[in-house]
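Undergrad: Just dropping this structure here.
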Amino acid sequence: MIAFVQCVRRRPEITPAVFQRHWKLYGEQVHAFAEASNAVRFSLSRMLAVKESLAVIASRGTSEPFDGLVQISWASGSTAMADVERAFAGPALVAMKRHQAEFMDLERCSFFFTVQDEAFDRL
């Protein structure tokens, strides 16, 4: 599997409640992009603000968590990458990029491609 991952941080002036509203709309845009690119899977996850999260951060000395994670996955191979390249030039990506600037602190976000080496899934 090949995946495009977005590790998202909200802009400093965006509250968690406002972020959540943007995130819902962004999820619809990601879904449209995933469909346009023939993705086999996509997921959106938000940071869970619970004491256990804070405890892990404190005990390990890690940096602040991302506010959200996006993962869009395609079957590996040249056909999948051709679909991705086509979708990156399409209108679904234009809408996503425009919306990202409204609520994401893009300088503190990280976007990248991965290749899946192993997976364990009981679903």
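What follows is calculated from the coordinates using simple rules that are stated; it is not laboratory data. Keep in mind that this is a model prediction, so the values were computed, not measured. Here the Cβ is made from the backbone with ideal geometry for all residues, glycine too, and neighbour counts use every protein chain on show.
Undergrad: Counting only C-alpha contacts under 8 Å and six or more residues apart, can you give the relative contact order of region 41-87 as a whole percent?
TA: 50 percent
Undergrad: Report D for region 81-123 in µm² per second (integer): Stokes-Einstein, Kirkwood Rh on Cα pairs, 10 °C, 1.306 mPa s.
TA: Answer, rounded: 121 µm²/s.
Undergrad: Now for a separate question. Check Gly68: other-chain or 5+ apart residues with amide H under 5 Å from its amide H, H built from backbone geometry?
TA: For Gly68, whose amide H was placed from the backbone, the distant partners under 5 Å are Val8, Met47.
Undergrad: Helix-only estimate, please: 222 nm mean residue ellipticity of the chain, summing -39500 (n - 2.57) across DSSP H runs of length 4 or more and dividing by its residues, to the nearest 500.
TA: Here the helix-only value at 222 nm equals -14500 deg cm²/dmol.
Undergrad: Roughly what % of Cα-Cα distances in region 2-115 sit above 21 Å, to the whole percent? Don't skip to the end; give the middle numbers.
TA: Working: 2576 of 6441 pairs.
Considering region 2-115, 40 percent of its Cα-Cα pairs are separated by more than 21 Å.
Undergrad: Report ³J(HN,Hα) in whole Hz for each residue of region 22-37, in order, from the Karplus equation J = 6.51 cos²θ - 1.76 cosθ + 1.60 where θ = phi - 60°; Gly and Pro get x.
TA: 4, 4, 4, 5, 4, x, 5, 5, 4, 4, 4, 5, 4, 4, 5, 9
Undergrad: OK, next. What does the highest-first list of 91-102, 20-31 look like by mean Cβ count within 10 Å?
TA: 20-31, 91-102
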